[in-house]
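These notes concern the structure reproduced below.
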Amino acid sequence: MSRPIVATIDTSALRHNLAVARQAAPHSRLWSVVKANAYGHGIDRVWQSFSDTDGFALLNLEEAILLRERGWKKPILLLEGFFHADELPILDRYRLTTSVHSNWQIQALAKAKLSAPLDIYLKMNSGMNRLGFQPEQVNHAWHKLRGLENVGEMTLMAHFAEAETSQGITEPMKRIDHAAEGLDCPRSLANSAATLWHRETHYHWVRPGIILYGASPSGKWQDVASSGLQPAMTLNSELIAVQTLKGGDGVGYGARYRAAGEQRIGVVACGYADGYPRHAPNGTPVWVDGVRTQVVGAVSMDMITVDLTPCPQAGIGSQVELWGNNVKIDEVAEAAGTVGYELMCALAPRVPVQVS
Ligand SMILES: *Cc1c(COP(=O)(O)O)cnc(C)c1O
């Protein structure tokens, strides 16, 4: 190994987080959301840790096919459905459950030649205004689909724009109830936030993503600190140099940080080209040689600089945790004005990944 940066995926944390999600919604079946290459963790690395799940939800055909080729026989849900009608034979061949959010998809299903019916998730727009049928169109779309030979089991699906608060789900739940009136349909509504915090949304299938990887759907670690979730991804590196600044000396591009007096600074082999957020300001927490300290100076492509004042024993080769159990990915994300989701997904291909 050359450069000391490495990401570690903890498979026991993944298994544990799935159990936490199950406990939160004990009466529902559970889609493990593994879109975006399992939130940056690597679908091929993690799927077996989730083998206790009822199904996998994702949106790339390539990822769905990979799971089938690995031998996964249970359901796979395409969260955004098919993008073009010519994908339907592939959905047929790999037996993929598809979301249906637009009229053109109903027409395509009507025309397709399939070997057997496909299960579908009728997607309604409950207020997010991205994908789905308006509440008043749901009944009509439902009956059209129900009349198609190519359609098997049907579930009503919606997605919350703001499931962190109870006000955030009140209005969408009203719209969903209204749309489902008179339909005998299973429902799948809950993302991670709703799975953890809104029992009344659970129904037949929940769809947690972020909590399976041990981060908070609200972006604030305190919100899940007592839920027992365990961070699945740790990003580690080492100090590759140490500088001693004098009062007034700057560090890094633009001298965004200046020492007030003499101060030891550590240089870490990790930068934005590894996926560390370039916007992380002075003060972003980082763990160096067993001690919590902070980023000082601008994040550059390949390095960051950290304050060694709280860890005078640290030197070249000292271990650094950018995020993991000691510094939560949500804390780094919050400091940088983003969410743990983005940091996980942005882990760069050049970072070696090990599975533990
Ligand atoms: C991403 C996604 C989820 C999971 O969201 P989390 O906030 O990660 O739990 C659930 N449903 C749909 C439709 C999604 O796109």
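The values are calculated or read from the model by the stated rules, or taken from the named source; none is laboratory data. Quick caveat: nothing in here was measured; it's all calculated off a predicted structure. Every residue, glycine as well, gets a Cβ built from its backbone with ideal geometry; the counts of neighbours run over all protein chains shown. Please note that ligands, DNA and RNA were not included when accessible areas were found on the heavy atoms of the full protein model with its side chains. Shrake-Rupley method; radii C 1.70, N 1.55, O 1.52, S 1.80 Å.
Numbers at a glance
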| read-out | value |
| --- | --- |
| Where TRP31 falls short, out of the listed (1) within 13 Å of the ligand (Cβ to nearest atom); (2) of a type in the set (Phe, Trp, Tyr); (3) over 16 Å from the mean Cα position of the chain (by Cα) | (3) |
| The one condition in (1) open to solvent by less than 50 Å² (accessible area, probe 1.4 Å); (2) of a type outside the set (Lys, Arg); (3) under 22 Å from the mean Cα position of the chain (by Cα) that HIS204 fails to fulfil | (1) |
| Check on TYR253, open to solvent by 50 Å² or more (accessible area, probe 1.4 Å) and either assigned by TED's automatic domain parsing to the domain that holds GLY42 or within 30 Å of ALA13 (Cβ to Cβ) (or both) | no |
| Residue tally, condition more than 9 Å from the ligand (Cβ to nearest atom), part of a loop (DSSP other than H, G, I, E, B) and in contact with a helix residue (DSSP H, G or I) (Cβ under 8 Å, 6 or more places away or on another chain), over the stretch 216-241 | 11 |
| Residue match in the stretch 333-344 (condition: open to solvent by less than 30 Å² (accessible area, probe 1.4 Å), assigned to a loop (DSSP other than H, G, I, E, B), modelled with pLDDT of 95 or more and touching a His at 6+ places or on another chain (Cβ under 6 Å)) | yes |
| Residues of the stretch 44-79 satisfying the condition of being more than 16 Å from the chain's Cα centre (by Cα), over 23 Å from ALA19 (Cβ atoms) and within 15 Å of the ligand (Cβ to nearest atom) | ALA64 |
| Strands (runs of 3 or more DSSP E) contained entirely in the stretch 46-132, each with at least 2 residues that are open to solvent by less than 10 Å² (accessible area, probe 1.4 Å) and of a type in the set (Ser, Thr, Tyr) | 97-100 |
| Scope the stretch 182-207; condition more than 12 Å from the ligand (Cβ to nearest atom), in contact (Cβ under 8 Å) with a residue 12 or more places away in the chain and in a loop (DSSP other than H, G, I, E, B); matching residues | GLY182, LEU183, CYS185, PRO186, HIS198, HIS202, TYR203, HIS204 |
| In the stretch 23-45, the residues that are surrounded by fewer than 18 Cβ atoms within 10 Å (Cβ to Cβ) and without any contact (Cβ under 8 Å) to a residue 40 or more places away in the chain | GLN23, PRO26, ASP44 |
